[in-house]
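K.L.:
Dumping the structure here so I can ask a few things about it.
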Amino acid sequence: MTQAIGSEAYEGGFASPVFDAQSVFRSLMEAMARPGSIGPVTVRAGAPDPLGPVMAALLLTLCDADTPVWLDAAASSEKAVAAWLGFHTGAPVVDEASEAAFAVVVDGLALGAIERFAQGTQDYPDRSTTLLVQVESLTDGWPLTLEGPGIRTRASIAPRGLPDRMADIWAGNNALFPRGVDMVLAAPDAVAALARTTRIVRGGN
C-alpha cells in the first residue's frame, strides 16, 4: 500500500558523508574491476523500506542532480523512497527507464527485459543505464560461473533474488557490446558486479 510521506523521507543518510561515500565507492570500484568478486560494505545508510542499507549507501554515493534515477514498481510504490532520494541526493526520479542513469531494482525476481534501459551508443557506450539490483544474498543462491575481463580464469557467485533466466538475459546484453548495461548487486552487507563484458558460463562450475 502506498504510504503518505513521513519523517522517514528526511532521515537516514550517511553519518560521515564524505568518508562514508569514499568507503562505499572503493568497494564498488573493486567489485567492478573484478566481476564476480564480493566487496564487503561496512558503511550503512538508513532509508525508507524497501531500500536496504547497502542499496541506500550506493544511491548516496553515486547519485546527484545530474543522474536521473528510475525506480521499479516495488520502490516507486512507496512515496517516501523518491522523497528520500531527492532530499539526500537531489537526483530526479524519471518514469521512463530509458532516461535513467541508474535504475533501482529492489525486486530482482521481477527484473524483466533490460532492453528497456538506455544501452548507450556505438560512439558513446557509457551513456547507458547502470542497474542497481537488490538481492537477498550473494553466496547462497543459484550459482553463476563468470568469465571475462577482470577475471583470471573463472569466478563464481551465488546471488539469491535474480530471475531463473538470468543467463539468457545477460547473454542478450553481451550481444550488444560495446553497448549494453552494467549491473551492481546489492546484498545486505556487500556488493558484486556484472560488467557488460562479463559472460555467464552455461553449465559452468
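The values are calculated or read from the model by the stated rules, or taken from the named source; none is laboratory data. The shown structure was predicted, so the numbers you read here are calculated from the model rather than taken from an experiment. Virtual Cβ from ideal backbone geometry, glycine too; neighbours counted across all protein chains shown. Each accessible area value is taken on the protein alone, full model and side chains, heavy atoms only, with ligands, DNA and RNA left out. Shrake-Rupley method; radii C 1.70, N 1.55, O 1.52, S 1.80 Å.
K.L.:
Given charges of +1 on the Cβ of Lys and Arg and -1 on the Cβ of Asp and Glu, with all other atoms neutral, how large is the dipole of the stretch 74-205 about its Cα centre, in debye to the nearest 20?
P.N.:
On the way: 11 positive and 15 negative charges, 87 e Å.
With only Lys, Arg, Asp and Glu charged at Cβ, the dipole is about 420 debye.
K.L.:
Rounded to the nearest 20 debye, what is the charge dipole size of the stretch 4-83 about its Cα centre when +1 sits on each Lys and Arg Cβ and -1 on each Asp and Glu Cβ? Show your work: numbers first, answer last.
P.N.:
Numbers: 4 positive and 9 negative charges, 52 e Å.
Charge dipole of the stretch 4-83: 260 debye, to the nearest 20.
K.L.:
Once you put a point 7 Å from the Cα of ASP140 and another 7 Å from the Cα of PHE177, both along the Cβ direction, what distance in nm separates them?
P.N.:
Between ASP140 and PHE177, the label points sit 3.4 nm apart.
K.L.:
Still on this structure, I have one more. Please check the chain for the longest run free of trypsin sites (Lys or Arg not before Pro) that are loop-located per DSSP (anything but H, G, I, E, B) and have at most 15 other Cβ atoms within 10 Å.
P.N.:
Working: sites that count: ARG127, ARG152, ARG154, ARG165, ARG202.
Maximal segment without exposed cleavage sites: 1-126.
K.L.:
Could I ask something else about it? Using a Gaussian network model of the chain with C-alpha springs under 10 Å, which one of PRO48, PRO149, PRO188 is most mobile by mean-square fluctuation?
P.N.:
Greatest mean-square fluctuation among the candidates belongs to PRO149.
K.L.:
In nm, to one decimal, how far is the ASP107 label point from the ASP189 one, both placed 7 Å along Cα→Cβ?
P.N.:
2.8
K.L.:
Multiply the residue separation of GLU115 and SER7 by 0.36 nm, subtract the distance between their alpha-carbon atoms, and state the gained length in nm to one decimal. Could you put the intermediate results ahead of the total?
P.N.:
On the way: separation 108, 0.36 × 108 = 38.88 nm, distance 3.60 nm.
Fully extending the segment from GLU115 to SER7 adds 35.3 nm.
K.L.:
Another question about this same structure. Would you calculate, for the chain, the mean residue ellipticity at 222 nm contributed by helices, counting each DSSP H stretch of 4 or more residues as -39,500 (n - 2.57) and dividing by all residues, to the nearest 500?
P.N.:
On the way: 5 runs with 51 residues, N = 205.
My calculation for the chain gives -7500 deg cm²/dmol from helical runs alone.
K.L.:
With a 1.4 Å probe and every protein chain kept in, tell me what percent of the accessible surface of the chain is carbon plus sulfur. Spell out each step's value before the answer.
P.N.:
On the way: 5160 of 9800 Å².
In the chain, the share of accessible area belonging to carbon and sulfur is 53 percent.
K.L.:
Relative contact order (percent) for the chain, with alpha-carbon contacts under 8 angstrom and 6 or more residues of separation? Kindly include the intermediate steps, with their values, before the conclusion.
P.N.:
Values: 475 pairs, mean separation 47.4, N = 205.
Reported relative contact order: 23 percent.
K.L.:
Counting other Cβ atoms within 10 Å, which chymotrypsin sites (Phe, Trp or Tyr not before Pro) in the stretch 69-149 have at most 13 and lie in a DSSP loop?
P.N.:
Working: sites: TRP70, TRP84, PHE87, PHE102, PHE117; in loops: PHE117.
Sparse-neighbourhood loop chymotrypsin sites (Phe, Trp or Tyr not before Pro): none present.
K.L.:
Round to the nearest 0.05 the FRET efficiency obtained for ARG127 and VAL18 when R0 = 35 Å and r is the Cβ-Cβ distance. Before the final figure, lay out the partial values.
P.N.:
Values: r = 28 Å, r/R0 = 0.80.
Given R0 = 35 Å and the Cβ-Cβ separation, E is 0.80.
K.L.:
Starting from the amide H of GLY150, placed 1.01 Å from N in the peptide plane, find each other amide H under 5 Å away whose residue is 5 or more places distant or on another chain.
P.N.:
none
K.L.:
Moving to a separate point now. Under the classification rounded if a/c is under 1.5, otherwise prolate if a/b is larger than b/c and oblate if not, where does the stretch 70-205 fall, given a ≥ b ≥ c as square roots of the Cα gyration tensor eigenvalues? Working shown, then result.
P.N.:
Values: a/c = 2.03, a/b = 1.34, b/c = 1.51.
Oblate, because a/c is 1.5 or more while a/b does not exceed b/c.
K.L.:
Pop a pseudo-label 7 angstrom from the Cα along the beta-carbon direction at both THR153 and ARG26 and give the gap in nm to one decimal.
P.N.:
Result for the modelled spin labels: 3.0 nm.
K.L.:
Taking only protein heavy atoms and a 1.4 Å probe, what accessible area per residue, in Å², does the stretch 8-159 have with all protein chains in place? Don't skip to the answer; put the middle values down first.
P.N.:
Values: 7240 Å² over 152 residues.
Normalised by residue count, the accessible surface of the stretch 8-159 is 48 Å².
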